[in-house]
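Asks: Structure below; questions to follow.
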Amino acid sequence: MSKLSYEDKINLCHDYKEGSSINTLSRKYNKRESGITYLIKLIDIHGFDVVKTSRNKSYPITFKQDAIDRVLLNKEPVWSVSLDIGLSSDGMLQNWIKKYKENGYNIVERKRGRPTMPKVEKKKENETKDEKIKRLEEEKLYLKAELEYSKKLRAVVQARKNQQQKKK
C-alpha cells in the first residue's frame, strides 16, 4: 500500500463528507477500509494538522509507556487510544505493544544510524602504577558487565526455547 500525501488525505476526507462510501474510497486511494476509517476519525478529532506531520516522527519513551499502560492496564481499546493520542496509523500502537511484550515488558528505543565500535584505548608506555591500576579496574568492570549481559541474554534465549517446547 502506498502512503498518502497530505493533499490526498484532505481530498479523501472531503470525498467522504460529500457522500462517498468507505469502500469506494478504499479502491480509489488503494488503502484498507479500516485505515481510511481511522484517518477520517483522526481528522475529525484532531483536525488536518495531525496528518501534516513530518516523516519518521519519534515519540518519547514516557509517551509510549502511557499509551501502552492505557491499553494493558486500563483495558482501553487500542483503536480508541491511538485516536485519542493522535497517532498517524492505527497499527503503530499495536506494534509498540508487541515489541513491549517481546522485550520483557520494557520499552527499548530503536537505535538509528550505523552502529559504532567502542573506542579502544592504547596502552601507554610511560604509564604510572596508579594509571595502570585505574585502567585495569575500568577494563575489569567493562568485562564483568559484558559477561553479565551475555549470561542474561543466554537465560532469555533459553527461556524462549523452553516456552516454544511447552507450546508443542
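Asks: Return the residues of the stretch 94-108 that are closer than 14 Å to D66 by Cα and touching a helix residue (DSSP H, G or I) at 6+ places or on another chain (Cβ under 8 Å); say none if nothing qualifies.
Replies: Q94, W96, I97, Y100, N106, I107
Asks: While we're on this one: Being surrounded by 11 or more Cβ atoms within 10 Å (Cβ to Cβ), at pLDDT below 85, outside any helix (DSSP H, G or I) and of a type outside the set (S, T, N, Q) narrows it down to one of L87, L4, so name that one.
Replies: None of the other options fit; the residue is L4.
Asks: Please go through the stretch 90-100 and pick out each residue that is of a type outside the set (A, V, I, L, M) and either in contact (Cβ under 8 Å) with a residue 60 or more places away in the chain or surrounded by 14 or more Cβ atoms within 10 Å (Cβ to Cβ) (or both).
Replies: D90, G91, Q94, W96, K99, Y100
Asks: Also: Among the residues of the stretch 112-124, is any free of Cβ contacts under 8 Å to residues at least 24 places away in the same chain and closer than 15 Å to L4 by Cβ?
Replies: No.
Asks: For the stretch 122-168, name all the residues that are β-branched (V, I, T) and assigned to a helix (DSSP H, G or I).
Replies: Those that are β-branched (V, I, T) and assigned to a helix (DSSP H, G or I): I133, V156, V157.
Asks: Also, quick follow-up: Do you know which residues across the stretch 28-52 are without any contact (Cβ under 8 Å) to a residue 12 or more places away in the chain, in a helix (DSSP H, G or I) and either touching a strand residue (DSSP E or B) at 6+ places or on another chain (Cβ under 6 Å) or surrounded by fewer than 13 Cβ atoms within 10 Å (Cβ to Cβ) (or both)?
Replies: D44, D49 - these are the residues of the stretch 28-52 that are without any contact (Cβ under 8 Å) to a residue 12 or more places away in the chain, in a helix (DSSP H, G or I) and either touching a strand residue (DSSP E or B) at 6+ places or on another chain (Cβ under 6 Å) or surrounded by fewer than 13 Cβ atoms within 10 Å (Cβ to Cβ) (or both).
Asks: Here's something else I'd like to know. Pull up the stretch 53-76, narrow it to residues that are over 17 Å from G91 (Cα atoms) and aliphatic (A, V, I, L, M), then point me to the one that is surrounded by the most Cβ atoms within 10 Å (Cβ to Cβ).
Replies: Checked the stretch 53-76; the qualifying residue surrounded by the most Cβ atoms within 10 Å (Cβ to Cβ) is I61.
Yes/no matrix, rows are residues, columns are (1) farther than 16 Å from R110 by Cβ; (2) in contact with a Gly (Cβ under 8 Å, 6 or more places away or on another chain); (3) not acidic (D, E):
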site	(1), (2), (3)
S5	yes, no, yes
N30	yes, no, yes
D49	yes, no, no
K57	no, no, yes
I61	no, no, yes
R70	yes, no, yes
L83	yes, no, yes
M92	no, no, yes
N95	no, no, yes
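Asks: Can you spot a residue in the stretch 124-147 that is within 30 Å of L73 (Cα to Cα) and basic (K, R)?
Replies: no
Asks: Can you tell me which residue within the stretch 53-67, out of those that are part of a helix (DSSP H, G or I) and closer than 27 Å to L4 by Cβ, is nearest to the chain's Cα centre (by Cα)?
Replies: So, considering only residues that are part of a helix (DSSP H, G or I) and closer than 27 Å to L4 by Cβ, the one nearest to the chain's Cα centre (by Cα) is K64.
The values are calculated or read from the model by the stated rules, or taken from the named source; none is laboratory data. Please read all numbers here as calculations on a predicted model, not as lab measurements. Here Cβ is always computed from backbone atoms with ideal geometry, including for glycine, and neighbour counts include all displayed protein chains.
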